[in-house]
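Each remark here refers to the structure printed beneath this line.
The values are calculated or read from the model by the stated rules, or taken from the named source; none is laboratory data. Note that the structure is a prediction, hence the values are computed from the model and not measured. Glycine gets a Cβ as well: all are built from the backbone with ideal geometry, and neighbour counts include every protein chain shown. What goes into the accessible areas is simple: the full protein's heavy atoms, side chains included, and nothing from ligands, DNA or RNA. Shrake-Rupley method; radii C 1.70, N 1.55, O 1.52, S 1.80 Å.
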Amino acid sequence: MTEKLLEINGISKHFGGISALTDVSLQIQHGEIYALIGPNGAGKTSLFNVITGIYTPDSGSILLNGKAMTGKKPHEMAKAGVARTFQNIRLFHSMTALENVMVGRHCRTSAGVVGAVFQHPKAKTEEMAIKNRARELLEYVGIARHANTVARNLSYGDQRRLEIARALATEPLLLALDEPAAGMNHTETNSLEELFRKIRADGVTLLLIEHDVKLVMGLCDRITVLNFGKKIAEGTPDFVKNHPEVIEAYLGVSV
Amino acid sequence: MDIFLQQLINGLVSGSIYAIVALGYTLVYGILRLINFAHGEIVMLGAMIALSVIGLLTDSGLPGLLIVSLGLLCAIPCCMLIGYLIERIAYRPLRHAPSLTPLITAIGVSIVLQNLAMMIWGKEFISFPPLIDVQYFSISEATINSVQIFIVIVSTLMMTGLNYLVNKTKLGNAMRATAQNAEVAGLMGVNANTIISLTFVIGSALAAVAGMMVTMNYNVAHYDMGFMLGLKAFTAAVLGGIGNLRGAMFGGILLGIIESMGAGYLGTLTNGMFGSNYQDVFAFFTLIGVLIFKPSGLLGKAGGERP
């Protein structure tokens, strides 16, 4: 597939006098692994917040599968197929791993309040289906043995995996990962890379913010580099690596 | 010993009602960090609406129990609607305001509802017509009547049901997720506004039933009955640890028992200086005690437990 999944046109976002994003455009194709890199404060997370509906952009448009999504709320973006994880892990800390993933199923299930209160058979069947799917997802990311552990008691690496499982539970078309390998050692990063390839192979497009250059260069198809809220380069890892403005942004010297 | 069992029964009955009302406070607090002071007024409105319907049907010749049930069945949806409207009109516009603003608003809503009730139903006490044939049972030297048994059973069922709803169902999962982190829950496709509305609606349905129970227990309703009841239920919620469902249930029943024991023994202990009319004082002494020695409540964790 080569059609566009996500299309961002001329996004700008200001906070008071500070412009976090200026006229950023990019396109992500179905089945790609796409990375967003840049120095700290370049606007990567702001762009994530715009894509997931947490921020409304001041100008510009967002299209998902050709459908206008600008200004949609987070739960609407989730329903449309955008899921994310966070730079600083944000789980529901006092719920179990399984329950965390079950919340992720929320937007893909239908039985409402009446069903929940009166427990008619359809709602019961659905609850079971939610639970089973949540277990499968824990298995998928490799933490099934911790299903009944309260999230705050999981190890750091497992919390990251749980966040990914929870995001996958929403059945995303696009999975946005904010620094998924931060704080991980070499082995953990490698097994994470494997997981990402598996997720892509199962038909999910990935967008990631990552500082681990080796991971990004080895894994991603295309990269956009942001600096001071502006896009300074876009292309394959090799192209970006040798781009003079990118080298300047990272090393602070003009070449 | 003779009055101990009787006071225990009385305490259990009023405690069950406190627990049901306290759940309404704690549910809303868990999600919005807001003390909904208007909640006591919803209990009062539940009682008033039920009594109005019952009043209309008294001479209809229908069986008494059916009339009472119809009154309750009308009161529940009315209170749910009122709860929904209160949140929609008074609290939602203030969602991002400093926390003192919605608190003051809640007190305002409470006063408005009380005065509206006074205009509609008047300042007189409204009595519960003798529709039900109340049976009395004696257990050693104490008595318990069928209405009291009904109150305890229905409260227990509602508490079990709510506990199941919050801890075992998809909706409950979404509620707990919203309480812990509304923004992230939104990213999982949970519409926070829907969950908040539902929380008010569920709390108000419980309040309507509680209103009916109070009227049946004391045989009267009055436009300002919600005020003191609301304060006591709030005390019960704080006693158990506000934001914690099991805490509210436990706190409600404990407060009911403390209060009725206090009322039963105060006269004896003080040689008749203070009588059972000091009952209300016990609730607030308890509140002060909890706030001094365990501000997070008996079942609450420091830093605020969330449901």
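In this entry, A:L208 passes the filter for residues that are under 23 Å from A:L91 (Cβ atoms), open to solvent by less than 60 Å² (accessible area, probe 1.4 Å) and touching a Cys at 6+ places or on another chain (Cβ under 8 Å).
Criterion applied to A:R166, A:R152, A:R160 was being at negative phi, open to solvent by 40 Å² or more (accessible area, probe 1.4 Å) and of a type in the set (D, E, K, R), and the one residue passing it is A:R152. Can you tell me which residues in region A:191-248 are of a type in the set (K, R) and within 18 Å of A:L21 (Cβ to Cβ)? If the condition is that a residue be of a type in the set (K, R) and within 18 Å of A:L21 (Cβ to Cβ), then A:K230, A:K231 are the ones that fit.
Scanning region B:1-38 for residues that are open to solvent by less than 20 Å² (accessible area, probe 1.4 Å), out of contact with any Pro (no Cβ under 6 Å at 6 or more places or on another chain), assigned to a helix (DSSP H, G or I) and not aliphatic (A, V, I, L, M) gives B:G11, B:S14, B:G15, B:S16, B:Y18, B:G24, B:Y25, B:T26. For region B:30-68, how many residues meet the condition of being among the acidic types (D, E) and over 26 Å from B:T178 (Cβ atoms)? Looking only at that region, the number is 1.
Against the definition (surrounded by fewer than 23 Cβ atoms within 10 Å (Cβ to Cβ) and more than 10 Å from chain A (Cβ to nearest Cβ)), how does B:M158 come out, yes or no? In short, yes.
All of B:M225, B:M216 fail the test of being over 22 Å from B:A106 (Cα atoms), away from chain A (no Cβ under 14 Å) and open to solvent by 10 Å² or more (accessible area, probe 1.4 Å), apart from B:M216. Every condition in (1) open to solvent by less than 50 Å² (accessible area, probe 1.4 Å); (2) under 30 Å from B:Y164 (Cβ atoms) holds for A:R145 except the one numbered (1).
Looking across region A:59-110 at every residue that is open to solvent by 60 Å² or more (accessible area, probe 1.4 Å) and within 20 Å of A:Y156 (Cα to Cα), the one that is farthest from the other protein chains (Cβ to nearest Cβ) is identified as A:Q87.
Annotation note: of B:F125, B:F200, B:F150, the sole residue that is touching a residue at least 40 places away in the same chain (Cβ under 8 Å), under 30 Å from A:I54 (Cβ atoms), of a type outside the set (S, T, N, Q) and more than 9 Å from every other protein chain (Cβ to nearest Cβ) is B:F200. Within region B:161-197, if we keep just the residues that are over 25 Å from A:N132 (Cα atoms) and touching an Asp or Glu at 6+ places or on another chain (Cβ under 7 Å), the residue that is nearest to the other protein chains (Cβ to nearest Cβ) turns out to be B:S197. Counting only helices (runs of 4 or more DSSP H) that fall entirely inside region A:82-151 and contain at least 3 residues that are modelled with pLDDT of 80 or more, the qualifying elements are A:97-104, A:121-141.
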